[in-house]
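The values are calculated or read from the model by the stated rules, or taken from the named source; none is laboratory data. On a predicted model such as this, the values are computed, not experimentally measured, just so you know. Here the Cβ positions follow ideal geometry from the backbone for every residue, glycine too, while neighbour counts run over all protein chains shown.
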Amino acid sequence: MKITAQEEYGVRCLLQVASLTLKGELASLEDIAKSEHITTDYAAKILTTLRQANLVESVRGKRGGYKLTRPPEKIYLDEVVRSLSGELFESESCQQFPGNDLKCIHINCCSIRSVWMSISQILSTLLKRVSLSDLLSKEDVLTKYLKKELALTI
């Protein structure tokens, strides 16, 4: 699995918004782009996607900007990643790689599919447990939490 640039910057932009929302402030498009060293056009594209997913809302006007639609402890990474790029693993992956046939010849005896589906389930479970609030904590605290959660998941 690869994390796309849109997923990485999407989470980072959302964290910028989250930290300011907690202070009762709005995050401006320009400040988000500058903080993440991306263009304002790219930040705008990402924030539009996050707004359409109802994760952020925009406030118009001279002192406008972006804020979270919910508290950071109620926004989880699985929802963020899905809003930016869809499902991590497609459940219909067998239909994507049938070779020269219309359907996979291994559909009745596939050991690979069980591995992909298990990885998908573990990752999905973990992402459903990590909130923006968790990501705003110190890295060592988050690392300990993730190791504990991963041990519970497997």
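Yes or no: Lys103 exposed (fewer than 11 other Cβ atoms within 10 Å of the Cβ), at pLDDT below 95 and either assigned to a helix (DSSP H, G or I) or touching a helix residue (DSSP H, G or I) at 6+ places or on another chain (Cβ under 9 Å) (or both)?
yes
Determine whether Val59 is out of contact with any Pro (no Cβ under 7 Å at 6 or more places or on another chain) and under 18 Å from Leu127 (Cβ atoms).
Spelling it out, it is not the case that Val59 is out of contact with any Pro (no Cβ under 7 Å at 6 or more places or on another chain) and under 18 Å from Leu127 (Cβ atoms).
Looking at region 65-100, which of the residues that are of a type in the set (A, V, I, L, M, F, W, C) and either at pLDDT below 85 or part of a loop (DSSP other than H, G, I, E, B) (or both) is nearest to Asp31 (Cα to Cα)?
Residue satisfying both the conditions and the ranking: Ile75.
Any residue in region 111-131 that's part of a loop (DSSP other than H, G, I, E, B): show its pairings with residues that are modelled with pLDDT of 85 or more and not acidic (Asp, Glu) at Cβ separation under 6 Å, as long as the two are six or more apart or on different chains.
Within 6 Å, the pairs are Lys128/Tyr76; Val130/Leu77.
From the list Gly61, Gly65, which one is surrounded by 15 or more Cβ atoms within 10 Å (Cβ to Cβ) and of a type outside the set (A, V, I, L, M, F, W, C)?
Gly65
Scan region 115-154 for residues that are modelled with pLDDT under 75 and hydroxyl-bearing (Ser, Thr, Tyr) and jot them down.
Tyr145, Thr153
Gln52 fails exactly one of the following numbered conditions: (1) modelled with pLDDT under 95; (2) exposed (fewer than 12 other Cβ atoms within 10 Å of the Cβ); (3) under 22 Å from Leu127 (Cα atoms). What is the number of that condition?
(1)
How many residues are surrounded by 15 or more Cβ atoms within 10 Å (Cβ to Cβ) and in contact with a helix residue (DSSP H, G or I) (Cβ under 8 Å, 6 or more places away or on another chain) when one looks only at region 114-141?
Selection size over region 114-141: 12.
Can you pull out every residue in region 1-51 that is part of a helix (DSSP H, G or I), among the hydroxyl-bearing types (Ser, Thr, Tyr) and over 14 Å from the mean Cα position of the chain (by Cα)?
Ser19, Thr21, Ser35, Thr40, Tyr42, Thr48
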